[in-house]
Each structure stands twice: as structure tokens, then as C-alpha cells.
Protein chains: 6
Amino acid sequence: MVESVFMAELTWPEFADKVKEGVIVFLPLGTTEQHGPHMAMNVDVVLPTGVCERVARAVGGIVAPTIPYGYKSQPRSGGGEGFPGTTSLDANTFSLVVRDIIRSLGTDGVRKVVVVNGHFENCWPSVEGVDLAMRELRRDGVTDMKVMRLEYWDFVGRDTLDQLFPDGFPGTELEHASLLETSLMLLLRPDLVDMDKVPDDGPAKFPTYDLYPVPDGFGPASGVLARAQGSSAEKGRLLMDDHVERIASAVRAEFGV
Amino acid sequence: MVESVFMAELTWPEFADKVKEGVIVFLPLGTTEQHGPHMAMNVDVVLPTGVCERVARAVGGIVAPTIPYGYKSQPRSGGGEGFPGTTSLDANTFSLVVRDIIRSLGTDGVRKVVVVNGHFENCWPSVEGVDLAMRELRRDGVTDMKVMRLEYWDFVGRDTLDQLFPDGFPGTELEHASLLETSLMLLLRPDLVDMDKVPDDGPAKFPTYDLYPVPDGFGPASGVLARAQGSSAEKGRLLMDDHVERIASAVRAEFGV
Amino acid sequence: MVESVFMAELTWPEFADKVKEGVIVFLPLGTTEQHGPHMAMNVDVVLPTGVCERVARAVGGIVAPTIPYGYKSQPRSGGGEGFPGTTSLDANTFSLVVRDIIRSLGTDGVRKVVVVNGHFENCWPSVEGVDLAMRELRRDGVTDMKVMRLEYWDFVGRDTLDQLFPDGFPGTELEHASLLETSLMLLLRPDLVDMDKVPDDGPAKFPTYDLYPVPDGFGPASGVLARAQGSSAEKGRLLMDDHVERIASAVRAEFGV
Amino acid sequence: MVESVFMAELTWPEFADKVKEGVIVFLPLGTTEQHGPHMAMNVDVVLPTGVCERVARAVGGIVAPTIPYGYKSQPRSGGGEGFPGTTSLDANTFSLVVRDIIRSLGTDGVRKVVVVNGHFENCWPSVEGVDLAMRELRRDGVTDMKVMRLEYWDFVGRDTLDQLFPDGFPGTELEHASLLETSLMLLLRPDLVDMDKVPDDGPAKFPTYDLYPVPDGFGPASGVLARAQGSSAEKGRLLMDDHVERIASAVRAEFGV
Amino acid sequence: MVESVFMAELTWPEFADKVKEGVIVFLPLGTTEQHGPHMAMNVDVVLPTGVCERVARAVGGIVAPTIPYGYKSQPRSGGGEGFPGTTSLDANTFSLVVRDIIRSLGTDGVRKVVVVNGHFENCWPSVEGVDLAMRELRRDGVTDMKVMRLEYWDFVGRDTLDQLFPDGFPGTELEHASLLETSLMLLLRPDLVDMDKVPDDGPAKFPTYDLYPVPDGFGPASGVLARAQGSSAEKGRLLMDDHVERIASAVRAEFGV
Amino acid sequence: MVESVFMAELTWPEFADKVKEGVIVFLPLGTTEQHGPHMAMNVDVVLPTGVCERVARAVGGIVAPTIPYGYKSQPRSGGGEGFPGTTSLDANTFSLVVRDIIRSLGTDGVRKVVVVNGHFENCWPSVEGVDLAMRELRRDGVTDMKVMRLEYWDFVGRDTLDQLFPDGFPGTELEHASLLETSLMLLLRPDLVDMDKVPDDGPAKFPTYDLYPVPDGFGPASGVLARAQGSSAEKGRLLMDDHVERIASAVRAEFGV
């Protein structure tokens, strides 16, 4: 059989051996969400999975299956649920999924988990999911579980951002389906990007509040919140190197591997 | 970009076009579960995804992302939660996931969904998930959603089973990690099967009851409930052809495509 | 006062004494569901209660009150919720009921519980209910609770089935309101059976999938899935003897009584 | 078959006919709870069932199966969960049970429901259960469901109480397992009462507050909160006549039957 | 900074010091609910807060923030949800709020909590909330938490009631927005009472049952269930003195302060 | 009675009149949380309430009672649950509270709600709460409810920030208990601030990830994440003016008042 960094590609005895050795399990959190007319809807699955795969290789960990349905997209950060194809879970459902998976890993003896979020809106429900799992595990007598939780895009150098955005970085929230994600997809899955379809209706100009129901024309019709022009695989490589190196470094520091 | 049968590999405008045309969405239900010392733990993800991919091509549908964490494994049908690596959700969590996804698809305008289960224990919580989704959609004013729900392994001919089991078919429940699943994996992902590691401690002899907590030695230590000896890609092909042809035929009959 | 095998007919000091002696508590799971035009809707209450009463007498246990509202009837196994009078709970509700009862018994000091299911659809939500109860009891410091869970109809000899079905047993699912249940009712509550009203529109021919919403004419209009002709109290006696003897034997083996 | 006032003793076509005629369905709410050393633990099942049976006969209604597990017993009104045998549900579980049953009846076409509570602590969770059912039914398009909810013991004349308690009525809460309930049980199920075991450690003297955890000796050790001495079937008859006549009268007034 | 009896007006080190000294935390439960045309809708917030403030001063405790949204108003005790402005939570929501707050206090080291309810309908969901908190704290290893739970109006002398109601006390349930509450508001917040607007359509004459949906004219149109005429700050003072003295006395007795 | 901008200080007929006129209801979201050794723990209640009060006056709206217990504090934005006195709700509980309140207001006829968040961690659970309320209201037939949701601190001019932070604004997350909040408290409740106790252990230097359990020394021991030195009521006035003016302006634009 293959040597694999993906947990689900191991047999259970192989997994059991790794658990005994104190393996770090990476859990990527994704979703199925519109990412503009020029990219497939699995961007938030492909990217955190790709990051985890590389970090896991670097630090000797394994990658659990990516959660492919995340918390509801919000207009100001992901275009919102109004876009066809965006397929999402309620916050409580998503938190319970994260809770159950981490509790299940903990019951198996895993003691080191790194939750790597790849969909902005997953951030808070995953915080709750981890907290609930830790609470339940303590009640089950597991007191030495350690979890790190992060958004992969926060692991990037100032230099890299300056290089990618000579006119200034628009900020994480507006980066949905824009230069960063598009460049990373061009690196990992160029077959799922069509640069000819990059739209020109951004960047979004959102007010500092939410409205319910979402009014027509609240964000760009394309679903691209900032701009994807100028994306390239090379830029994706720059970013990915930063993400992997910096996350691996943090993991090493915290878990002593 | 690629032409893809996978929903998440489409852009949102491509998906929106398909929805307008009345596309059938296949939702595979899997899990991450031990499948013996000779197979990877993603069997219940690979197989329903593979079946859906082929049926979707045959009938012109698309395949939503496979749910990779399913309902808790039971000793008499999957070895149980005691096996390391089996990573599962509570029943309510799983039902809510199924509910939310189908409701989300319905909100997008999808009206034809085929839920294809690939993990025995998902059966009943997915029944509940679909029922809850239908209830919510009706309350949201969507009254023409139609869902078909099935276990893929029920779509097999008597002839095929007789051919595969000349000494008699041991039954679906005991087939966990055994000849049927192993043969299908040899067809789809031979890199994730190691026939040299097929164990010999089955078939399981279970009583007609459950015990909590699960006693030691309740099932085969290997996690293979029946027998995997004699599995082959050709047998997998026989099965897969049956599954695809028969499910496609049922889908055509029910959805008029 | 009466000597009673029914827990609810004991005073609390009598119950407390039995708990101290390590009594086995049987918990019958029923529902209120259509059972054809020839039988009352309490079949799934009468039968598991009757079985439990006899087994409890045989092994020296007591019978907790039967849960009279179970999980939603499904078209392919019970006719479905469309039949008037079928009155059911959501899966999560039913699981919580089972959880709370077993947790409550465990808090009282009971350490041996046998859950005896009499309604097909209760099977999986009761599995979840027991699992949740065991989890909570462990967190409450109760680590020696032992639960057996079973469907009573699985405790029948091949000989008996051959005798009852000379042309072959149609299988458990189709047996709803059919020969087995009718014969057992003729044994226990003949006043609730009217053999003149046994319908003739079965046996059901179901496809191997579910449909939502349930189409008209999906199953027999009578609600009898197989056939009830030829039912008799004698056949009921044959069955009941098998059920009681075999369940009692399993209980003795597992609980050492 | 029998003519029966019990819904579960009807066939589904018989029930369907009654629904078409606008039948009133009575839903008794009970529990399994200690009722002193002189009575069985099913008092709160026997009594509301007995009341409903008689009222249903009087007004031409039917009686749904009694819920046999109710909300947790409280020290000041039922002795509390500390008594062995008291077997109870969490508030949310109980409310969901009531919700699901009423919703299920409403889906079947029932439009007149009388919820008859026989266990003090069920009062508020049943209020919530009915409210949730009404909310869901409205969302399901059922706008003409009408529910009456009551505690049976509130239907008693001043004269009757004066006759039964020449020294003054101690109040409903303290009446647990005392003269009223004991007399009614002597009327309905004298085999489940042993007057020789009536204790003498009451009446309870509770403070006007609850304490958690419940201190030792908070209430009478017997579980009888007031006094059961002097109970008799004749007194039970007096009470039962009041209950039935007054509830029937209220039902007639509200439902116009 | 101020010396304050209100927990939220302390800094965290001040609070931490008090916890170390074994401080008693009072948690007032209120709601936002109609209280007739002559009083503001915060009566059930003002009164239990005022009581707690005084009792806390008397016994050396502190007062946690009052919960301002309570369980749904019921027609027979508070006029019901039909009155504009009555703004309420579902029972489960309210119980979870109470559970979370007490659990959170327990995690901080608080071991003495007095829950002081000021809204009739909060009674039972707060019982459940406290019970759930105690259960969770035990599972978290906190076994010495002690909670007292009470309705403030139950702490009143017979003499006081006789003095206030020379013609007889109508009972707690009918006292909504009537003489007791109005007098206490005249004492604490006379600016929120307008005695000229005291209505004259009471007292309510309710049947001994609930009806769903609530029929028109079920209670007084004003929302005042008994009578508020004759209310005065002096009467409020009489009551408040009773409440404070008697609750303080009970607290001292139970917590040994 | 007083003229009041606070909903709970109105009588129900006054509130009903305002609802008929289409009043805007402001719902402040707070919590009880450590805010350093120099401020009381009610900062997140005082500030959004103060903002709402002023905006409501400006636009003619009213202010519903502030929710005083919010979502769990996180180490990187509020110091975390480890600080004594921080008293919080689970995410699901908090979302249900927000849902129930907005649904309840909607049932009363309110159609314009502005949710004003004053506690960073409330942001996402309040998004979910509003979304759930809108979903339920639609199912209840209320289709014209409009909700605006905002964090008050996002309504501040670049000029103001430059004036307050000549050396650069450290960002919203680190502002916990720091210059902005302290200045606003000095404006609104100087009695709850003690500038002599402003600590000097910040600003926090957090990594870009969360850790569970929170390691010792993860953030400043004082609970002040940035710096509070230099806070003043004048700075608070500058900020408050910005908040009120800009929120009022947004409200006018969106609600047409």
C-alpha cells in the first residue's frame, strides 16, 4: 500500500501505531462555497487540505479528512448564502461536527490535534466546537489533549504581503475568491481556475454592518469581493511556502516535535 | 476549466445553470472507519463516491461532496467505535448535517436529490436527516423537492451474488471489509488495498443482541467481519456494473430522466 | 399488595430491595402504529411487554413501563407516517427518552438493563439512546452498568420459521402486521384482532430505496406489508416460546443469573 | 373486536373514521415515581388514565396512550429524584415528547386534544410541549388545532374538599401519595395499595425554597408528603365523580360537544 | 471606585478576592413583560434585583446581573405572550441560560449561589437550569457547589398578607401587576408607576385549564390579573421588609453566614 | 411616568403605540467579563447600552434590555474564561437567546431591529441568532422584518483613531479593556474606573493561533490586552460622538427615518 500522509488512507493498525507514537493529527475545515465565476466551489477544501498535507509532511503528522461543508457564508466575507452552490451548515451543526470528530480522535488516544481552518466563517463555530470537545474529553477523563486552532492565511509574512500587494493589502475578509485564493488554486489545482473569467466588479464596498435579509446588490454580483487579476501560480507558491513554513514552525514550537 | 461531474469542481454560474435545467444532485454518505488490516479507512468514502460518479455520468447529474464522517460504527456491522481510527458523529449531529445540506440545496433551487449511503450505520440517521430537511423545506414553501435515499449495495443482482458467493451470501451486515468492499476497492483504489494482509479470523459469529459496554472479543480482532479472501478487481467490476446500472435505472424511473 | 413482575406495580421500598439484590430491569420499546385493518394499533406495545413479562418471570427480573410512542414509522417497514393513528417521535426525541430512562435507572443503582425492542424503526434510535446513557453514566462515575439491547423477533429458531413459513420466510421488515405479529396478538390479546378483516392486498413489493415525499400507492393500502392469513394463537405460542426461551437463555448467559 | 375508548385499541381505519367525525383525543401525562411505602409507583399513570377513560366515555372521545415517564420529581412536591424507582426525563426531553405526539396527531387530522396531567412536575414542561406543537403545526399550515391542558386534581368542588379534609386542605403540592391519591387508587387499583404500610412521618414541613443538592432529611423518609390515613375507596369515588363531571363539563363547553 | 454589592461593578481582582472568601452570589431572574397600563414592563427585573441588593447587603453577598428575558408569559399567571412588549425565551433556552451562568460561576470557584426568581413562569425552567448546572459541575469535578432557589414573594408573613388583604389574599398567580407588585414598584421606582392608569377590569376569572390558542377575552384586557387599587409605597415597604428579612434569615441558616 | 427611551420602562400600551408607528428597536448585546484591574466587569453592558440610548434618542427609537451574559471570552480577544468573574454562555445558548428575543419582537409587530454588539466574541453567535430568527419569522409568515447588526466600535472615523492613537491603532481585538473602552467608561461611568490601577503588562503579544487548554501566561496577567494609559473622558466623548453620529446615520439610511 501507499505511504500516505492522509489518515483515511492508512489501515487502522497503521493509524494505531502512529497514535502510540504521539502523532499530530491535522483537521482541515473547509466548505462548499462560490468562489467567483473563475474558480470551482471547492477552494476552501483544496487549500487547507493542501496546506495540511505539506505541514504534516514537514512535521511528521497525518491529515484527517477535510470537513467539506462549513458554516454559512456571510455577505461581507464570502458573498453569502444567496449564491447558488454555497452549501452550508447551521452554526450549531458545524460546532457539533468539530466536537464529535475531536472527541472521537481523543477517545482513540490522539493527544495532539491541529485544526486548520480554510473558510473564514468557520472560525467561530470551530472555536466553539473545540471548546465543547475539550469539555467532554475532560469529563471522559482525558486531560492531556492539546489542540491548536488556526486560520492558515494568518501565517504569512509582511514581506510576502507587500510583494503581492504593492498598493496595500485589502484585508483578509475581502480576500474571498481574490488574489490570494486564486494564486493558491493556480498552484494546486490550475484545472479548476479559468483566469479568463476573472470578473471586474470588485472590490466590494461594504458598510460596517450586516443587513437581514440581504439587500440586492449588497456585494459584487460576481462573488469576488476584492480582485483576482494578477493571480499566478508563482504568487501561490510564495504564499504556500509562507503558510507551510510558518505553521510548521508554530506546530514544532507548541508540540515539541 | 475541467468538465466535471463533481459539483464542487464547478463554478457557481455553472452550477446555477445546471440547477435551472433541473439537475439531479447525488449526495454520497461515507465515514472514516476501520476496514481491516488490509484496507485504508476511507473505503466508505471511496465506494459511494465512485458509484455516484458513474451514476451521475450515466444520467447527467452531479455529485455533491461526500460526507466523510458518519454515524458511529456498531460492533455487529462495522466493528464498533473501539477500533482506532474509526472517527464518527453522534446520530443527532449526523442527521443535522444531512438536514442542513439538503435544505441548503433546496434553497438553491435543487429539486432532485439522490442520497447514496456507503456506510451501513448511516442508514437510519440519514433517514431522519432527509425527513427533517423535507419538513423544513415545506415550511419554507418548497413543496416540490423530491429525494431518493438508498444503500448502494442493495442494487445488485441475484446472479451477481451467486457468482461471487457460490457457497451463499453471508448478508449485508457481515460484509464489512469483506469480499464485496475489498473487490470494489481493488477496482477503484488498488493502491489502498494490501491483499497480503487479509486476515483470517472471520467470519464473525455475533449473537442477536448488542452489549454495552462492548465485551472484549465480541467480534474478530482484525475488524473484518466476514472474509476478504478471493477478492479481485474483476469481482469489483461485476459489482460496480450492477450498482451503477441498477441505480441509474431506478433514478431514471423515478425522476423521469 | 400483588406480587408483580412490573416495576411500576412495586412500591419504592420493594424496588429498592430488588435493586440491592442486583435485579435485571427489562425496558420494552413500543410505539403506537397502524397494524392493518384487523389489529389494534398497540401491537408494538403488547408484544414486547408480553415477551418481557415472561422473560422477567423466567430469570427473576422486573419490567419497566413500556415506551408507548416510538420512532417514526417508515414506508418500507411499517407503512409510514401517512397512516392515521401512527403517532411517533423524532429520532432525537426518542433517543433522549431512552437515554434519560437508562440514566435514571443507573442513578438508582440498577446495573443490569435489557432493552427489548418491539418496533422495527426503534432499532437505531435506541442504539443511540443506550450509547448516550452509557456515556453520561460513565461521566457520573457509574462504570459498571451493563446493557443488553435486542429486537425480540430475532430470537426465533430456524425450525420455527420453517414450520410457520413452509414457502419461505419473507424477512423481518415485511413482517409488519403480518403472520408473526398477528399470531402473537391472537395469543396475547385476541380481543384486539379481527381475522375477518385481514386484507389481501399484500405482500408489498418495495423497491430498494426510499422516496420523499412518499408517493401514493408506495405500499399496500391496508398497511399489512406481507400476509396475515393463516395466523393463529398456536403459531403465536410457538413463536412466544421461542422468544422467551432464547432471550432468557441469552440473558442468563450474559448476566450470569 | 372490542369497542374501546382507548385509541391504541382501535384499528387505524376505526381511528381514521373517528378523526373524520372530529373526535376529541385525551392525552394523559403520567410518570413512574415513588408514592410512599403503601402504593405502587404507577399512581400517576393509573389516575390520569382512569380519569381520561371516564371523561372520554362521557363526551365521546378517545384516550391516547399515557406517557409513562414524566419530568423529574422535585423534593417539595414529589419527594425528588433521590427515591429509588422514580424514573424521569429531563424537561427538554419531556417537552419534545409532548410536542411530537401532538404534532403527530395534528398531522393525522385530529383538531381537538385534551392534555390531562397526572404528575405535578409535568405541568410546566407540558405547557412548553403544547406551545411548541402549536407553533410547529401553524408552520405546517394547521391553524385550527385546539388544545386544552389541565391538571385533573384542579377539578374538584369546595364541598368535596371540605368533606374530605374537615380540618382544612393542605394544598395540592403536599398531596403527593397522600389522602387524595391513595383514595383514588383504592377506587381504581386496590390491589396496588397496602393501607397497613401507610407511614406516619408526615406531613412534610418544607421551607419556601429549593436546595441543591437535596440535603438529607429534607422531606419525610417515607415519600408521603402529607398524610394518607383515612383514605378510602368511597372518598376516591367522591373525588373521581368530581373530576370526571367537571372535566367533562369543561370539555363540552370548550369543544361544543 | 465605588464599593458595590453588584458583581458586575467589581473589578475581576475584587471579585476573585470575594470568591476566595466564599462569597454568596445572588442571581436574580426577571423578564420583560407587560404589567398593566400603569406600570413599566421591567417590574420583574426591578423587584428581584431590589430584593437581592438588600439581602446581599444584609448577608455580605454580591448580586450577579439580572437575567432580563425570562420564560414565556402564561395567560393565567402573566397575561400571556399576546400582550405587546412581553418578550420571552423558550423554556429550553431559558434553562440553558441558567445552566451556563451557574456552571460559569462554579468554574470560577463560587460555591454558594442563591437564585432569586421574580417572574412566576421562570420557576420551573429555572429548576431545570439549576439541575443541569449541578449535573455538569459534578461531571467537571465540582462536588461542593450549593444552590438555593426561591421565589421572593413566598417570603412574606401571614400577618403582612392579612394587613395588605383584609378581605383575603387572592393568591400568588393572580397577583400579576396587582397590589403587591405595584406597591413594591411604588417603593423602588415610583417614576415607573402611574396610579391614575390603574385599570378596573379585574380580577381575572380563569378556568382551571389552559387553552391553545388563547381565546379572545381569556383574561382582563388590561393585563392586570387581580387589582392594583390601594397600592402604596408603605405597603411596598412592609412587603420588602418581609422579603429581605426572611430571605436573609433563610440564607444565613442554610449557608451558615 | 417618565418619558423613556428604554423599552422596559414603557407600559405595554405605550410600547404597542410605538410599534404601530413603526418604531426601531435597538437590542444591545453585552456580557459580564473581566476588563482589567482598573474597570468593573460591566463594561460590555454599559457601553453598548450607552451607545444605543443616544442613537435611539437621535432617530426616535427605543432600547430593549441589554443581554448581560454573552458568548465565552477568548484569550486573544478578551482574556478568556480563565479570569474570575467572566461569566458566559455557550454559543448555542447565546444564539438561541438572540433568536428568541427577535422572534418575540417580530411576533409583537416590530419590523425594524438594530442589534448593537458590545462584546467582541458575541459577533458570530449573534449573526447565527439573527439568521435563525429571520428563518423562524419567515415560517411564521413574517416576511417584512428587517434587521441591522453591527459592532459599535466599527463606527469611528479614521481621523478620530489617528487623534487617539498617534502611534498607530493596535486593532480592534487587542483593544480589550484598553484606551478606547477605558475612555468611554470614563465618560459614562467614571465611578467604575480607577485609573490608578491601570496595569502596565501589555500590550499582549499573541501568536496567530489558539491553544486549548490555554497555557499559563498566554496573555497579560492583568487582562488588559493593549494599553489603557492616557485614557480620558474627553477621548471617550470623541469616540462616543463618532459612534452615535455614524450609527444614527446608517440607521437613517437603511430604515428611511
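The values are calculated or read from the model by the stated rules, or taken from the named source; none is laboratory data. Predicted model only: the values in this text are computed from it and were never measured. So basically every Cβ, Gly included, is an ideal-geometry build from the backbone, and we count neighbours across all protein chains shown. Please note that ligands, DNA and RNA were not included when accessible areas were found on the heavy atoms of the full protein model with its side chains. Shrake-Rupley method; radii C 1.70, N 1.55, O 1.52, S 1.80 Å.
The table that follows gives values for the structure above.
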| item | result |
| --- | --- |
| Within the range B:156-166, considering residues that are open to solvent by 10 Å² or more (accessible area, probe 1.4 Å) and in a loop (DSSP other than H, G, I, E, B), the one nearest to the other protein chains (Cβ to nearest Cβ) | B:Val156 |
| Residue that is surrounded by the fewest Cβ atoms within 10 Å (Cβ to Cβ) [pool: residues in the range E:110-126 that are outside any helix (DSSP H, G or I) and under 21 Å from the mean Cα position of the chain (by Cα)] | E:Lys112 |
| The range B:182-198, subset open to solvent by less than 20 Å² (accessible area, probe 1.4 Å) and of a type outside the set (S, T, N, Q), residue farthest from C:Gly171 (Cα to Cα) | B:Leu192 |
| Where F:Leu184 falls short, out of the listed (1) part of a loop (DSSP other than H, G, I, E, B); (2) touching a helix residue (DSSP H, G or I) at 6+ places or on another chain (Cβ under 9 Å); (3) touching a residue at least 12 places away in the same chain (Cβ under 8 Å) | (1) |
| Selection from the range F:167-179 of residues that are assigned to a helix (DSSP H, G or I) and either modelled with pLDDT of 90 or more or touching a Pro at 6+ places or on another chain (Cβ under 7 Å) (or both) | F:Leu174, F:Leu179 |
| Filtered residues of the range A:15-33 (kept if surrounded by fewer than 22 Cβ atoms within 10 Å (Cβ to Cβ) and outside any loop (DSSP other than H, G, I, E, B)) | A:Ala16, A:Asp17, A:Lys18, A:Val19, A:Lys20 |
| All positions within the range F:46-70 that are assigned to a helix (DSSP H, G or I) and of a type in the set (A, V, I, L, M) | F:Val46, F:Leu47, F:Val51, F:Val55, F:Ala56, F:Ala58, F:Val59 |
| Unmet criterion (only one of (1) under 13 Å from D:His35 (Cα atoms); (2) under 16 Å from the mean Cα position of the chain (by Cα); (3) of a type outside the set (A, V, I, L, M, F, W, C)) for D:Ser222 | (2) |
| Residue check, F:Phe94 of a type in the set (Phe, Trp, Tyr) and over 15 Å from the mean Cα position of the chain (by Cα) | no |
| Qualifying residue in the range C:74-85 (condition: among the aromatic types (Phe, Trp, Tyr), within 7 Å of another protein chain (Cβ to nearest Cβ) and in contact with a Gly (Cβ under 6 Å, 6 or more places away or on another chain)) | yes |
| Residue satisfying condition, being crowded, with 21+ Cβ neighbours inside 10 Å, at positive phi and out of contact with any Lys or Arg (no Cβ under 7 Å at 6 or more places or on another chain), within set E:Gly36, E:Gly60 | E:Gly36 |
| Given (1) open to solvent by less than 70 Å² (accessible area, probe 1.4 Å); (2) more than 22 Å from the chain's Cα centre (by Cα); (3) closer than 30 Å to E:Asn117 by Cβ; (4) away from every other protein chain (no Cβ under 12 Å), index of the condition D:Pro215 fails | (4) |
| Residue under evaluation E:Val63, criteria (1) touching a helix residue (DSSP H, G or I) at 6+ places or on another chain (Cβ under 6 Å); (2) within 12 Å of chain D (Cβ to nearest Cβ); (3) under 29 Å from E:Leu192 (Cβ atoms), criterion not met | (2) |
| Residues located in the range E:32-88, provided they are basic (Lys, Arg), touching a residue at least 60 places away in the same chain (Cβ under 8 Å) and out of contact with any strand residue (DSSP E or B) (no Cβ under 9 Å at 6 or more places or on another chain) | E:Arg54 |
| Residues that are of a type in the set (A, V, I, L, M), in a loop (DSSP other than H, G, I, E, B) and facing chain B (nearest Cβ under 9 Å), drawn from the range A:1-14 | A:Met1, A:Val2, A:Leu10 |
| Close pairs from the range A:195-207: first under 27 Å from F:Ala248 (Cα atoms), partner open to solvent by less than 70 Å² (accessible area, probe 1.4 Å) and part of a loop (DSSP other than H, G, I, E, B), Cβ under 6 Å, at least 6 apart | A:Pro203/A:Ala226; A:Ala204/A:Gly219; A:Ala204/A:Pro220; A:Ala204/A:Leu225 |
| Residue identified as open to solvent by 10 Å² or more (accessible area, probe 1.4 Å) and under 25 Å from C:Leu179 (Cα atoms) among C:Thr86, C:Thr107, C:Thr49 | C:Thr49 |
| Residue check, B:Thr208 of a type in the set (Ser, Thr, Tyr), within 30 Å of C:Arg149 (Cβ to Cβ) and exposed (fewer than 15 other Cβ atoms within 10 Å of the Cβ) | no |
| Residue in the range A:132-141 that is open to solvent by less than 10 Å² (accessible area, probe 1.4 Å), farther than 20 Å from A:Ala250 by Cβ and touching an Asp or Glu at 6+ places or on another chain (Cβ under 9 Å) present | yes |
| Any hit, the range B:38-45, residues being more than 7 Å from chain A (Cβ to nearest Cβ), of a type outside the set (A, V, I, L, M, F, W, C), assigned to a helix (DSSP H, G or I) and out of contact with any helix residue (DSSP H, G or I) (no Cβ under 7 Å at 6 or more places or on another chain) | yes |
| Residue selected from the range A:228-253 under the condition among the charged types (D, E, K, R) and under 20 Å from the mean Cα position of the chain (by Cα), by the criterion farthest from A:Gly80 (Cα to Cα) | A:Arg252 |
| Residue within the range F:168-177 that is open to solvent by less than 50 Å² (accessible area, probe 1.4 Å), of a type outside the set (Gly, Ala, Ser) and within 14 Å of chain E (Cβ to nearest Cβ) present | yes |
| Where a residue in the range B:127-155 is assigned to a loop (DSSP other than H, G, I, E, B) and its partner, wherever it lies, is open to solvent by less than 30 Å² (accessible area, probe 1.4 Å) and of a type in the set (Val, Ile, Thr), with Cβ under 9 Å and at least six apart | B:Met145/B:Ile102; B:Met145/B:Val110; B:Met145/B:Val113; B:Phe155/B:Val51; B:Phe155/B:Val244; B:Phe155/B:Ile247 |
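Residues checked against (1) touching a helix residue (DSSP H, G or I) at 6+ places or on another chain (Cβ under 7 Å); (2) hydroxyl-bearing (Ser, Thr, Tyr); (3) open to solvent by 30 Å² or more (accessible area, probe 1.4 Å); (4) farther than 27 Å from F:Gly79 by Cβ:
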residue	(1), (2), (3), (4)
F:Pro220	no, no, no, no
F:Val224	no, no, no, no
F:Arg227	yes, no, yes, no
F:Ala233	yes, no, yes, no
F:Arg237	yes, no, yes, no
F:Asp242	yes, no, no, no
F:Ile247	yes, no, no, no
F:Val257	yes, no, yes, yes
